[in-house]
Amino acid sequence: MTTNVILPALGMAQETGKIIRWLKSEGEMVRQGEPLVEIETDKAAVELEAPATGIVANISAAPDDEIPVGQTIAHIVEPGSISQPVENGAQKAVPPVSIEDGTRLSIPVSPLAARIAAEHHLNIDEIQPAGKRIQKADVLSYLQQLGQKREQEASAAQSESVRPGSAVGLLAASPKARRLAREQGKDLTFIRGSGPDGAILAADVLAASLPVAAQSVAETVVETPHSEARELATSRTWRLMAERTTQSWTSVPHFFLMRDVNASRLMIWREQVQKRTTEKITYTDLLVKVVAALLQKHPRLNASWSEGRILLNEVVNIGIAAASEEGLIVPVIQRANTLPMSQIAYQRKELVERTHTGKVRLEDVSGGTFTISNLGMYGVDSFKAIINPPQAAILAVGRIVDRVVPVGGQPAVQPMMSLCLSCDHRVVDGARAAQFLTELADVLEEPLALLE
């Protein structure tokens, strides 16, 4: 029996996904539910799990390939079965191409890799692919190595007057540095020493041999030509966040409604719910419960904009904006309107934990219809959030803080919370949004009717 591994869609607007890397190779055993391949979508970089147990076969998509959703990218076959090459639904391997002289190459080259190589006047024959064909990543890696080599050669030439001779034996280097260089195949003449009189230490060899991939992408700092600024290398997740927020802010007509809410009853509600469950209840959990219930009465706030049409979503899936070291990710609580408070709290905890540990799954970030972003735990009073397309709205929540407000005609100190509702004016008008926000504020100030 053969099972297709299909690239799924995370949302209505998604058309393609990019292969980051395969976690299993052809001919390797994989179990159902085990991570099989890392893919990048318009929402996040996630792991796709194996749909069945068996042998991985017929991988038809290489790293950096952009694949249409719904397409087969590999097969999983029963042990002992003879898999046939993928004929339908899978991406065919790109045939060998030529760069300049029209000569066909022995190693296939992706069109993007060929274009980059031609732009930089590279000899494609000198590039060693990581897989079965030369990809964009292979060309970029070769460019980086070429640049490093030229820098090292220039540095060595500059310091030659200081170091008489070019033989390794004449270089000032510690015994440990020489041993490490031999073990790692490093040429000491290309390593700048940091010891006395420029002597090469073991740390210098280790620093020279540290691969780029081993460095934390989110923390890698690249010096620019001017010492006044530093360039911070960005992760895939951060780049996706940057692209999506820019797309949203420049293409979605935002409008914002603000409302202050007395959180006295909300605090009491949280205490009462906490007594009835072992799960830790947060204010975000309470907001998910209330918002999910109200979205059924206000379907325009739970709608999506797609190709000039308003689509009313049949389900209520609440996304929770969560920070990670790599950037913002929005995991989703599916069918939140049908869940008891304890289950909402449990799912929120599991989703946030997977976000923080980089173990986000495809289903964790798919299908959101409305998003809540709560920055109250960071001491933020209020803020405006950017809509997460194709959703129609997002709720920004500030901290609960004591303020002096009128109560019965007299000033009184009350715990207050600020809400800001961001809406897509193509889907929601001001009146509908105001009705939703007003009812939300009313329920938060008197939530006992929603107690289970």
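Values in this text are rule-based calculations from the coordinates and carry no lab data. These numbers come from a predicted model, not from an experiment. In this analysis, Cβ positions are derived from the backbone assuming ideal geometry, glycine residues included, and neighbour counts consider all displayed protein chains.
Under 17 Å from a label point 7 Å along Cα→Cβ of residue 280: give me every residue in region 308-337 with its amide N that close.
322-324
Taking region 328-401, which trypsin sites (Lys or Arg not before Pro) meet the DSSP loop condition and have no more than 15 other C-beta atoms within 10 Å?
Values: sites: 335, 348, 349, 354, 359, 361, 384, 399; in loops: 335, 359, 384.
Passing sites in region 328-401 are 335, 359, 384.
Output ³J(HN,Hα) for region 254-264: one whole-Hz value per residue in order, computed from phi by the Karplus curve 6.51 cos²θ - 1.76 cosθ + 1.60 with θ = phi - 60°, and x for Gly and Pro.
Running phi through 6.51 cos²θ - 1.76 cosθ + 1.60 with θ = phi - 60° gives 6, 9, 10, 10, 10, 7, 8, 10, 6, 9, 4 Hz.
Between residue 335 and residue 363, what FRET efficiency follows from the Cβ-Cβ distance if R0 is 22 Å, with the result rounded to 0.05?
Working: r = 12 Å, r/R0 = 0.56.
It comes to 0.95.
Going 7 Å from the Cα of residue 432 toward and past its Cβ, which residues in region 388-412 have a backbone nitrogen under 17 Å from where you end up?
Once the point is set 7 Å along Cα→Cβ of residue 432, 388-395 turn out to lie under 17 Å by backbone N, inside region 388-412.
Stretch residue 377-residue 251 to full length: gain in nm at 0.36 nm per residue minus the Cα-Cα span? List each step's numbers first, then the result.
Details: separation 126, 0.36 × 126 = 45.36 nm, distance 3.03 nm.
Additional length available on full extension: 42.3 nm.
Which entries in the list 24/149; 149/186; 359/384; 18/359; 289/349; 275/297 go over 21 Å, if you measure between the two C-alpha atoms of each?
Values: 24/149 33 Å; 149/186 12 Å; 359/384 29 Å; 18/359 18 Å; 289/349 15 Å; 275/297 29 Å.
Correct reply: 24/149; 359/384; 275/297.
Search the structure for amide H atoms under 5 Å from the amide H of residue 49, placed 1.01 Å from N in the peptide plane, and list their residues when 5 or more places away or on another chain.
Amide H to amide H, under 5 Å and 5 or more residues apart or across chains, residue 49 pairs with 36, 362.
Which length gain, in nm to one decimal place, applies between residue 306 and residue 442 when the Cα-Cα distance is subtracted from 0.36 nm times their residue separation?
45.8 nm
According to a simple spin-label model (label point 7 Å from Cα along Cα-to-Cβ), what is the distance in nm between residue 293 and residue 407?
Going by the 7 Å Cα→Cβ label model, 2.3 nm.
Once region 238-450 is represented by equal point scatterers at the alpha-carbon sites, with solvent omitted, what log10 I(q)/I(0) does the Debye formula produce at q = 0.10, 0.11, 0.18 Å⁻¹?
Debye curve over Cα of region 238-450, log10 I(q)/I(0) at q = 0.10, 0.11, 0.18 Å⁻¹: -0.42, -0.51, -1.41.
With a cut-off of at most 16 other beta carbons within 10 Å, and DSSP calling the residue loop, which trypsin sites (Lys or Arg not before Pro) in region 288-319 qualify? Please list them. If you can, show how the numbers build up before the last one.
Numbers: sites: 289, 297, 300, 309; in loops: 297.
Within region 288-319, the qualifying trypsin sites (Lys or Arg not before Pro) (loop, at most 16 other Cβ atoms within 10 Å) are 297.
Report relative contact order for region 238-450 in percent, whole number only (criteria: Cα-Cα under 8 Å, sequence separation at least 6). Show your work: numbers first, answer last.
On the way: 416 pairs, mean separation 64.5, N = 213.
Dividing the mean separation by the residue count of region 238-450 yields 30 percent.
Near the amide H of residue 370, under 5 Å away, which other amide H atoms are found, from residues 5 or more places off or on another chain, if H is placed in the peptide plane?
For residue 370, whose amide H was placed from the backbone, the distant partners under 5 Å are 317, 319.
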